[in-house]
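The next block holds one structure in the form of structure tokens; read it before the comments.
The values are calculated or read from the model by the stated rules, or taken from the named source; none is laboratory data. These numbers come from a predicted model, not from an experiment. Because the Cβ atoms are built from the backbone with ideal geometry, glycine has one as well, and the counts that use them run over all protein chains shown.
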């Protein structure tokens with residue numbers, strides 16, 4: 001698995017990206033082989049990745065992955081059956097249903113969602 005700047009990135013780079021967009025990194029990213037995973041499907045629902053003055057970014061949704069002719073309901077199931085070597089073949093994982101990172105304001109109102117780091121919104125855009 002190599003950093004692709006969308007789903008996998010060095011943890012320090014993740015912190016810098018969040019800082020540049022006005023978010024405070026919660027310092028709790030899933031790390032695989034020393035690389036921070038940004039793909040929300042690797043996180044439990046409601047896992048908070050970053051916070052703002054009023055809002056926060058958390059994982060939400062369901063996961064369905066087709067890989068090597070079999071369907072998995074979580075990244076954990078896939079990795080436990082296929083091993084971490086499957087991460088080297090990540091480009092062949094077909095996400096049938098994927099979780100999203102959800103941005104909410106201080107009142108827990110949905111503002112926007114995204115699934116890759118290139119779609120990370122600027123905190124001040126939503127005043128959170």
Next item on the list: Report yes if residue 101 is within 18 Å of residue 9 (Cβ to Cβ) and touching a helix residue (DSSP H, G or I) at 6+ places or on another chain (Cβ under 6 Å), otherwise no.
Entry: yes
Next item on the list: Only residues that are under 9 Å from the mean Cα position of the chain (by Cα) and under 12 Å from residue 3 (Cα atoms): list them for region 22-35, please.
Entry: none
Notebook entry, point to check: Does region 58-98 hold any residues that are touching a helix residue (DSSP H, G or I) at 6+ places or on another chain (Cβ under 8 Å) and under 20 Å from residue 126 (Cβ atoms), and which are they?
Noted result: 59, 60, 61
Notebook entry, point to check: Hey, which of the strands (runs of 3 or more DSSP E) in region 1-112, taking only ones fully inside, have at least 2 residues that are at pLDDT 95 or above and surrounded by 14 or more Cβ atoms within 10 Å (Cβ to Cβ)?
Noted result: 8-10, 35-37, 48-51, 56-60, 64-67, 100-104
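Among the residues of region 116-128, what is the count of those that are surrounded by fewer than 19 Cβ atoms within 10 Å (Cβ to Cβ) and touching a residue at least 40 places away in the same chain (Cβ under 8 Å)?
Counting residues in region 116-128 that are surrounded by fewer than 19 Cβ atoms within 10 Å (Cβ to Cβ) and touching a residue at least 40 places away in the same chain (Cβ under 8 Å) gives 7.
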